[in-house]
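Asks: Below you will find the structure I want to go over with you.
The values are calculated or read from the model by the stated rules, or taken from the named source; none is laboratory data. Everything numeric in this text was worked out from a predicted model, so none of it was measured. Heads up, the Cβs are rebuilt from the backbone with ideal geometry, glycines too, and the neighbour counts pull from every protein chain shown. Ligands, DNA and RNA are stripped out before the accessible areas are found, and what is left, the full protein with its side chains, is counted by its heavy atoms. Shrake-Rupley method; radii C 1.70, N 1.55, O 1.52, S 1.80 Å.
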Amino acid sequence: MNQLRACLSVSGALLLAGLFSAPPAHAQDDARQATPPPGKALVFVFRSEREPVAARVPVLVNLEPVGELENGTFTTATVSPGRTHLRVGDRVLTIISLEAAADQSYFVWVEALAGLTPVRTEVRVVSESEGRRSIAQSRFVEVAPATRAVAPRSQQPIYAAKPAATQPAAARTIPASTESGRDWDFALIANGGTFKLANGNQVIAGLASTYDTTSNPVFGVEAEWRSKTGIAVGGEVFYYKNDLVATGTILSGQQEVLALMVNGKYYFRAASWFYPFVGAGIGSATATYSGDITGTGTGLAYQGLAGAEFRFEHVGLYVQYKRLSSTTGSSGKEVKVGGSGILAGVSIIF
């Protein structure tokens with residue numbers, strides 16, 4: 001009799017373990033085939049890696065915990081139409097946003113990066129066909145019944161990461177793609193800073209002249225289209241002004257340079273909030289002289305760029321080093337107006 005009771009106890013324990021270790025097969029099938037309730041949107045979040053990482057990754061949708069994903073698992077969240085925010089990770093966070101539409105489903109792919117501690121993730125929105133294929137091979141994770149406890153300060157996230165732009169209803173990706181739902185995003189950049197002429201002594205209008213090589217004011221405006229691959233192309237208007245005097249005389253004037261450039265850049269995704277870049281540009285520069293010395297000259301301009309952008313939702317902080325070269329004027333009356341400088345500003349991503 002004791003042996004029978006022992007067997008029944010073990011069998012009961014195994015049965016309970018089986019019930020709580022994984023959802024029934026029909027529940028997983030129902031989750032895979034789920035559709036949004038009328039007037040709502042449904043978000044599928046799944047994790048799939050080429051090199052599996054053992055750690056679990058917490059997922060919150062609009063600040064509500066929806067599960068902790070292992071490789072090969074998925075979960076779902078029902079949301080109201082409008083901007084939906086996903087926070088993925090524990091100590092190092094990746095945060096993306098999408099614009100949810102009523103009666104639509106969205107598929108978000110989470111990938112933990114191998115060899116990094118704390119665990120870091122790539123997060124991107126993918127097409128329904130790609131999402132359905134992955135979910136068909138994944139195990140459903142039930143939503144946690146209770147809100148996850150807040151970690152002590154020592155365990156709070158190291159930083160919050162954001163993809164390079166928010167995303168509309170269509171499927172899209174955090175870089176590896178850009179962080180909106182499109183293949184290209186549009187950004188406006190306004191900056192100012194310091195710029196110093198490379199040549200302080202030149203002949204202007206036949207007069208040997210000396211510059212104050214420190215330009216003032218200095219500012220620029222850029223408009224660029226950014227690809228999910230990191231490539232960006234766009235146009236720039238760059239302005240700077242310098243005082244000058246004709247050597248040995250009382251004549252003085254100002255040189256104003258307006259450069260119109262077409263730029264190409266490549267943004268490296270060091271983190272979902274940090275994007276170093278390099279670039280180059282070509283265009284034209286026009287130097288205009290006023291005061292006691294007057295005239296105008298135009299010439300070919302080219303430049304090299306390097307810097308970084310810190311992206312937070314739709315706004316970024318922008319820092320760059322610029323080296324501009326240009327010779328204006330006609331043969332025999334050339335003036336070198338190039339130089340270099342460090343600029344800082346703000347970018348707005350649409």
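Asks: Shape verdict for segment 189-327, please, from the Cα gyration tensor: rounded (a/c under 1.5), prolate (a/b greater than b/c) or oblate.
Replies: Here segment 189-327 falls in the prolate category.
Asks: Could you give the length gained by full extension between Ala344 and Thr247, i.e. 0.36 nm per residue of separation minus their alpha carbon distance, to one decimal place?
Replies: Once the chain is fully extended between Ala344 and Thr247, it gains 31.5 nm.
Asks: Another one. Spelling out what I want: for every residue of segment 113-120, take phi, set θ = phi - 60°, compute 6.51 cos²θ - 1.76 cosθ + 1.60 (Karplus), and round to whole Hz; glycine and proline get x.
Replies: Here the 3J(HN,Hα) series is 8, 5, x, 10, 10, x, 5, 10 Hz.
Asks: Quick query: amide H of Asp183 versus all other amide H atoms, modeled in the peptide plane; which residues come in under 5 Å with a sequence gap of 5 or more or a different chain?
Replies: Those lying under 5 Å, H to H, from Asp183: there are none.
Asks: How many angstrom lie between the C-alpha centres of segment 238-288 and segment 187-234?
Replies: Computed from Cα coordinates, the inter-centre distance equals 1 Å.
Asks: Now, a different point. Under a 5 Å amide H to amide H cut-off, with H placed in plane at 1.01 Å, what residues pair with Phe195 once short-range neighbours are removed?
Replies: Hits under the 5 Å cutoff: Ser215.
Asks: Now for a different question. Using a probe radius of 1.4 Å on heavy atoms only, what accessible surface per residue do you get for segment 48-141? Whole Å² is fine. Walk me through the numbers on the way to the answer.
Replies: Numbers: 4130 Å² over 94 residues.
Heavy-atom accessible area per residue stands at 44 Å².
Asks: Can you list the lysines whose alpha carbon is less than 22 Å from that of Lys241, not counting same-chain residues fewer than 8 positions off?
Replies: Lys196, Lys322, Lys333, Lys336
Asks: Please report the carbon-and-sulfur percent of the accessible area for segment 177-335; probe 1.4 Å, protein heavy atoms only, DNA, RNA and ligands left out.
Replies: It is 65 percent, rounded to a whole number.
Asks: How large is ³J(HN,Hα) for each residue in segment 49-63, as worked out from phi by the Karplus curve 6.51 cos²θ - 1.76 cosθ + 1.60 (θ = phi - 60°), to whole Hz, x for Gly and Pro?
Replies: Karplus values, whole Hz, x for Gly and Pro: 10, 6, 10, x, 10, 6, 5, 7, 10, x, 10, 10, 10, 6, 6.
Asks: What figure, in Å² to the nearest 10, do you get for the accessible area of Phe195 with a 1.4 Å probe and non-protein molecules left out?
Replies: Surface open to solvent at Phe195 totals about 0 Å².
Asks: If Lys and Arg each add +1 and Asp and Glu each add -1, what is the summed charge of the other residues whose beta carbon sits under 15 Å from the beta carbon of Leu260?
Replies: Once positives and negatives cancel, what remains is -3.
Asks: Same structure again: Run the reach check for Lys265 against aspartates and glutamates, Cα to Cα strictly under 19 Å, same-chain hits fewer than 8 apart removed. What comes back?
Replies: Excluding near neighbours in sequence, the set is Glu179, Asp183, Asp185, Glu222, Glu224, Glu236, Glu309.
Asks: Amide H neighbours of Ile231 under 5 Å, counting only residues 5+ apart in sequence or on other chains, H built in-plane at 1.01 Å?
Replies: Amide H neighbours of Ile231: Tyr267.
Asks: Next question. Excluding ligands and nucleic acids, what accessible area in Å² is computed for Arg139 using a 1.4 Å probe, to the nearest 10?
Replies: We get 80 Å² for Arg139.
Asks: Additional query: Exactly which GluC sites (Glu not before Pro) in segment 295-350 are in a DSSP loop and have at most 14 other Cβ atoms within 10 Å?
Replies: Values: sites: Glu309, Glu313, Glu334; in loops: Glu313, Glu334.
Answer in residue order: Glu334.
Asks: Further question on the same structure: I need the fraction of alpha carbon pairs in segment 289-346 separated by more than 20 Å, rounded to a whole percent. Don't jump to the answer; show the numbers that get you there.
Replies: Numbers: 793 of 1653 pairs.
Looking at segment 289-346, the distances longer than 20 Å represent 48 percent of pairs.
Asks: As a test of reading the structure, rank Glu49, Glu256, Glu64 by solvent-accessible area (1.4 Å probe, protein chains only), most first.
Replies: Ranked from most to least accessible, the order is Glu64, Glu256, Glu49.
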